[in-house]
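Worksheet for the structure shown next.
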Amino acid sequence: MTAFKKSPWVIHYDASSCNGCDIEVLACLMPKFDVERFGIINTGNPKHADIFLVTGSVNVQNAPVVRNIYAQMPEPKVVVAIGICGTSGGIFRECYNVLGGIDTVIPVDVYVPGCAARPEAIIDGVVRALDVLEEKRRFMNSSADSVGGGFMINRANQKDIPEILALQKIAYRSEAELYGDDSVPALGQTMEQITADFDRMIFIKAVVNGKIIGSIRGFRDGDTARISRVAVHPYFQRKGLATRLIKQIEQEVGDVRIYEAFTGHQSLRNLHLYEKMGYRQIRTEPFTPTVNWVYLQKERT
Ligand code: SF4
């Protein structure tokens, strides 16, 4: 194991079974085994996590939870299935409601067998996960450098919602830092709110290697197309993707007279992008003490 580039953050979920492996994971975090001495930090927030530690088998009830946590984790991410239940369903695999190991619902990168898996084996699994994480990080960086115009851009569907929400929260983190204000609406949006947006708006996604790395949404309001939430994964920014997403939503939203978008007053990159595409600033409205919305319009040609 070489030096870490950053502290890896782990999130732990006990899917089901006897809880034996769950207790061994907790033992790793306690003073005796103390994984924090390697810089590994346990977090309860999937949006901050790099490594997903899952114990127990997957059943009908917990499968959506496992999928949901996984979808909210930013790329690159690594999944470690712990214990024989997590790796294959174990002694519970024949139960009426058990689907199997973790890989029946999400892709698993590292398997740590054992019943229960020993803390040393779990720590070894996390160390192997770090290598996989670094490999994925390198791959994403090289994909971002070489992808050029090779994005797949098309309409999103309902099952893309968790991944788009996770992307939005990664992409808008820099906006919150810019304004020194965490109340940026894109960061606070809940699953219920984005699902409600999905019911009334068109969502567009950009996909590379099966991962959503860009999105935008819009809807028709009379003769105006209202466009919002351009989100591009930080690894794929400054590659023309935002421009392509805006062009695509302009096409998809249909036959309108005016396109209208808005962005924060300090988001100079977004303002420049819209103005380069023919939008002109029409008004500014205060939103919070730190953020003013700048509205921009363009007539359809
Ligand atoms: S692998 Fe063994 S100890 Fe771990 S959760 Fe399954 S039955 Fe329990």
What's the number of the only condition in (1) over 23 Å from residue 180 (Cβ atoms); (2) touching a strand residue (DSSP E or B) at 6+ places or on another chain (Cβ under 7 Å); (3) surrounded by fewer than 16 Cβ atoms within 10 Å (Cβ to Cβ) that residue 260 fails to meet?
(3)
State all residues of region 263-280 that are in a helix (DSSP H, G or I), touching a strand residue (DSSP E or B) at 6+ places or on another chain (Cβ under 7 Å) and either among the hydrophobic types (A, V, I, L, M, F, W, C) or surrounded by fewer than 15 Cβ atoms within 10 Å (Cβ to Cβ) (or both); if no residue qualifies, say none.
271
Are there any pairs with C-beta distances below 8 angstrom linking a residue in region 230-259 that is on the phi > 0 side of the Ramachandran plot to a residue that is of a type outside the set (Lys, Arg), with the two at least 6 apart or on different chains, and if so which?
240/149; 254/225
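Given the structure, is residue 96 more than 12 Å from the ligand (Cβ to nearest atom) and surrounded by 15 or more Cβ atoms within 10 Å (Cβ to Cβ)? Please lay out each step first, then the result.
Numbers: more than 12 Å from the ligand (Cβ to nearest atom): yes; surrounded by 15 or more Cβ atoms within 10 Å (Cβ to Cβ): no.
Against the criterion (more than 12 Å from the ligand (Cβ to nearest atom) and surrounded by 15 or more Cβ atoms within 10 Å (Cβ to Cβ)), residue 96 does not qualify.
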Being aliphatic (A, V, I, L, M), closer than 30 Å to residue 245 by Cβ, under 17 Å from the mean Cα position of the chain (by Cα) and not in a loop (DSSP other than H, G, I, E, B): is that true of residue 106 here?
no
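Taking residue 247, is it part of a helix (DSSP H, G or I) and under 25 Å from the mean Cα position of the chain (by Cα)? Write out each step before concluding.
Values: part of a helix (DSSP H, G or I): yes; under 25 Å from the mean Cα position of the chain (by Cα): yes.
Here the answer is yes, as residue 247 does meet what is asked.
Checking the structure you have, find out if any residue of region 84-93 is basic (Lys, Arg), within 16 Å of the ligand (Cβ to nearest atom) and surrounded by fewer than 18 Cβ atoms within 10 Å (Cβ to Cβ).
Residues of region 84-93 that are basic (Lys, Arg), as a first pass: 93.
From what is left, the residues that are within 16 Å of the ligand (Cβ to nearest atom) are 93.
Filter again for surrounded by fewer than 18 Cβ atoms within 10 Å (Cβ to Cβ), leaving 93.
Looking through region 84-93, at least one residue is basic (Lys, Arg), within 16 Å of the ligand (Cβ to nearest atom) and surrounded by fewer than 18 Cβ atoms within 10 Å (Cβ to Cβ).
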Out of (1) out of contact with any helix residue (DSSP H, G or I) (no Cβ under 7 Å at 6 or more places or on another chain); (2) assigned to a loop (DSSP other than H, G, I, E, B); (3) at pLDDT 90 or above, what's the single condition that is false for residue 150?
(3)
In region 73-80, is there at least one residue being over 27 Å from residue 187 (Cβ atoms), within 16 Å of the ligand (Cβ to nearest atom) and either in a helix (DSSP H, G or I) or within 15 Å of the chain's Cα centre (by Cα) (or both)?
no
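Can you pull out the residues in region 17-60 that are at positive phi and either aliphatic (A, V, I, L, M) or within 16 Å of the ligand (Cβ to nearest atom) (or both)? It would help to see each step written out before you state the result.
The initial filter retains those residues of region 17-60 that are at positive phi, namely 17, 19, 34, 39, 56.
Correct list: 17, 19, 56.
Residues checked against (1) touching a Ser or Thr at 6+ places or on another chain (Cβ under 8 Å); (2) among the acidic types (Asp, Glu); (3) touching a residue at least 40 places away in the same chain (Cβ under 8 Å):
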position: 174; (1), (2), (3): no, no, yes
position: 178; (1), (2), (3): yes, no, yes
position: 182; (1), (2), (3): no, yes, no
position: 186; (1), (2), (3): no, no, yes
position: 190; (1), (2), (3): no, no, no
position: 194; (1), (2), (3): no, no, no
position: 198; (1), (2), (3): no, no, yes
position: 204; (1), (2), (3): yes, no, yes
position: 209; (1), (2), (3): yes, no, yes
Test: residue 253 is surrounded by 17 or more Cβ atoms within 10 Å (Cβ to Cβ), in contact with a Gly (Cβ under 6 Å, 6 or more places away or on another chain) and within 25 Å of residue 177 (Cβ to Cβ):
no
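The values are calculated or read from the model by the stated rules, or taken from the named source; none is laboratory data. Note that this is a predicted model, so its numbers are computed, not measured. All Cβ positions, even for glycine, are placed from backbone atoms using ideal geometry, and neighbour counts span all protein chains on display.
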